[in-house]
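Encoded as structure tokens, the structure appears first; notes follow it.
The values are calculated or read from the model by the stated rules, or taken from the named source; none is laboratory data. What you see is a predicted model, and the numbers here were worked out from it, not measured in a lab. Cβ: placed from backbone, ideal geometry, glycine included. Neighbour counts: every protein chain shown. Surface areas here come from the heavy atoms of the whole protein model, side chains and all, with no ligands, DNA or RNA. Shrake-Rupley method; radii C 1.70, N 1.55, O 1.52, S 1.80 Å.
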Amino acid sequence: LILLGSTGSIGLNTLAIAERYAIDIELLSAGKNVEVLNGQIARFKPKYVAISDKRLKSKINHTRIFCGEEELLEAIALCKSETVVNAIVGFAGLRSTIRSLELGKKVALANKESLVVAGAFIDTTQITPIDSEHFALSYLVQDKPIKKMSITASGGSFRDYPLEKLGDVTVKEALNHPNWSMGSKITIDSATMTNKLFELLEAKWLFPKVQHFDAFIETQSIMHAVIDFVDGSSTTHLAGADMKLPIAYAIKDAVEEPILPPVDLVALGSLEFRAICEDRYPIWAIKEHILEHPHLGVVVNAANEVAVAQFLDGKIGFLDIGERVLETYDRYRDVKVVSLEDVFALDEEIRKSF
Ligand code: NAD
Ligand code: MG
């Protein structure tokens with residue numbers, strides 16, 4: 001296995017599953033967390049190691065170290081492994097997805113941003129999503145006419161917070177997700193509901209024959225997706241809020257052993273569902289438009305990555321994130337994106353405009 005983003009939340013869960021099934025790790029790659037990476041090197045003994053921050057090379061305990069994005073792509077090409085888990089966060093993961101697919105490798109994709117920004121130019125037949133909702137949809141899908149696919153949202157850190165106080169929340173409060181323990185960027189994206197918008201785009205590329213996609217809030221993150229079939233039946237997928245299940249399916253051909261304990265519905269008592277409202281989640285205003293114009297994913301993603309980083313740095317407020325993304329969306333509403341080159345150029349242009 002090739003594991004990109006090994007020191008993050010998905011990376012750690014992937015190593016736990018790899019260890020359980022004695023799957024060899026050929027390449028470990030991380031951004032800059034040297035301490036965790038060195039621990040993983042000692043434990044998993046990968047053939048190659050990659051780090052994105054070149055200044056950290058001398059601190060890594062390994063003899064085959066690749067630094068920066070270009071060298072990471074070279075390292076992937078050197079590997080014999082057929083499967084790449086891409087758990088890098090953000091646009092930074094796109095080139096690895098593209099190169100891995102070009103090399104004929106299967107991609108177990110946690111880096112949803114790859115599909116959000118460039119879904120039109122990516123062959124999704126070689127991709128297995130590491131996202132609980134898309135895993136759930138794949139689990140449910142049958143060869144029957146589908147009316148609609150729905151995915152659920154937790155509602156994020158502020159789903160029960162007074163609306164009038166949302167302008168003053170702290171970074172610490174925003175990072176306190178009610179159900180999942182994840183990296184900071186996706187935790188903020190959950191609080192703004194941008195994560196669910198991204199997942200709708202992800203679903204659109206992964207299930208290209210389906211016409212209708214939607215999302216709603218299920219506050220416990222036990223129900224991950226629903227498929228409404230044309231015949232009037234609906235099926236749903238229930239599982240604990242733990243990424244090990246999607247990861248196990250993404251890196252193993254067959255999963256027959258228990259990965260999680262089953263959901264105890266009687267102990268739960270009930271589930272609570274809510275609609276996603278634009279007053280709490282302003283980004284939801286563009287949902288229909290972006291699903292019809294999915295090439296605009298790169299616009300939302302670039303603006304969002306910059307704004308989320310600024311929020312995490314304490315430079316802007318929580319509500320400014322959505323405002324900046326929507327402003328940028330309006331400015332680029334009519335932009336054309338007809339190639340991968342356009343995706344990279346537009347991403348760069350939008351970042352510079354901030
Ligand atoms: P994280 O922040 O915990 O980990 C990110 C990893 O990427 C780290 O190993 C980091 O070192 C590495 N990285 C960061 N910048 C890099 C760069 N420029 N080049 C190379 N590596 C870099 O994030 P996470 O929560 O593990 O999420 C990773 C991806 O998976 C995201 O795209 C996220 O949306 C997606 N995802 C996460 C979850 C989850 O439960 N955490 C669920 C579904 C999807
Ligand atoms: Mg998800």
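Structure notes:
- Residue in the range 225-243 that is at pLDDT 95 or above, within 24 Å of I2 (Cβ to Cβ), open to solvent by 20 Å² or more (accessible area, probe 1.4 Å) and not in a loop (DSSP other than H, G, I, E, B) present: no
- Only residues that are surrounded by 15 or more Cβ atoms within 10 Å (Cβ to Cβ) and assigned to a helix (DSSP H, G or I) were counted across the range 272-300, and they come to 14.
- Number of positions in the range 98-131 that are buried (at least 24 other Cβ atoms within 10 Å of the Cβ) and part of a helix (DSSP H, G or I): 7
- Filtering the range 244-251 for residues that are buried (at least 16 other Cβ atoms within 10 Å of the Cβ), assigned to a loop (DSSP other than H, G, I, E, B) and touching a residue at least 60 places away in the same chain (Cβ under 8 Å) leaves an empty set.
- Residue list for the range 27-45, filter: out of contact with any strand residue (DSSP E or B) (no Cβ under 7 Å at 6 or more places or on another chain) and small (G, A, S): G31, G39, A42
- Each residue in the range 59-83 was checked for being open to solvent by 80 Å² or more (accessible area, probe 1.4 Å), out of contact with any strand residue (DSSP E or B) (no Cβ under 8 Å at 6 or more places or on another chain) and farther than 25 Å from T125 by Cα, and 4 pass.
- Note on the range 36-54: residues that are at pLDDT below 95 and surrounded by 14 or more Cβ atoms within 10 Å (Cβ to Cβ) amount to 1.
- Look at the range 55-72: where a residue is modelled with pLDDT under 95, no partner that is part of a helix (DSSP H, G or I) sits 6+ places away or on another chain with Cβ atoms under 9 Å.
- Inter-residue pairs, beta-carbon under 8 Å, first within 14 Å of ligand 2 (Cβ to nearest atom) and in the range 133-151, second open to solvent by 90 Å² or more (accessible area, probe 1.4 Å), 6+ apart: M149/H212
- Some residue of the range 13-35 being within 16 Å of ligand 2 (Cβ to nearest atom), open to solvent by 20 Å² or more (accessible area, probe 1.4 Å) and either touching a residue at least 24 places away in the same chain (Cβ under 8 Å) or over 19 Å from S114 (Cβ atoms) (or both): yes
- Of all residues in the range 249-280, those that are within 16 Å of ligand 2 (Cβ to nearest atom) and small (G, A, S) total 1.
- Members of the range 136-195 found to be assigned to a helix (DSSP H, G or I), open to solvent by less than 30 Å² (accessible area, probe 1.4 Å) and away from ligand 1 (no atom under 16 Å from the Cβ), listed by number: L140, L166
- Verdict on I217 being touching a strand residue (DSSP E or B) at 6+ places or on another chain (Cβ under 9 Å) and closer than 26 Å to I290 by Cβ: yes
- Test: V230 is aliphatic (A, V, I, L, M) and more than 30 Å from V84 (Cβ to Cβ): yes
- The one condition in (1) farther than 23 Å from Y249 by Cα; (2) in contact with a helix residue (DSSP H, G or I) (Cβ under 8 Å, 6 or more places away or on another chain); (3) modelled with pLDDT under 95 that P178 fails to fulfil: (2)
- In summary, G269 fulfils each of the numbered conditions (1) open to solvent by 60 Å² or more (accessible area, probe 1.4 Å); (2) closer than 20 Å to L200 by Cα with the single exception of condition (2).
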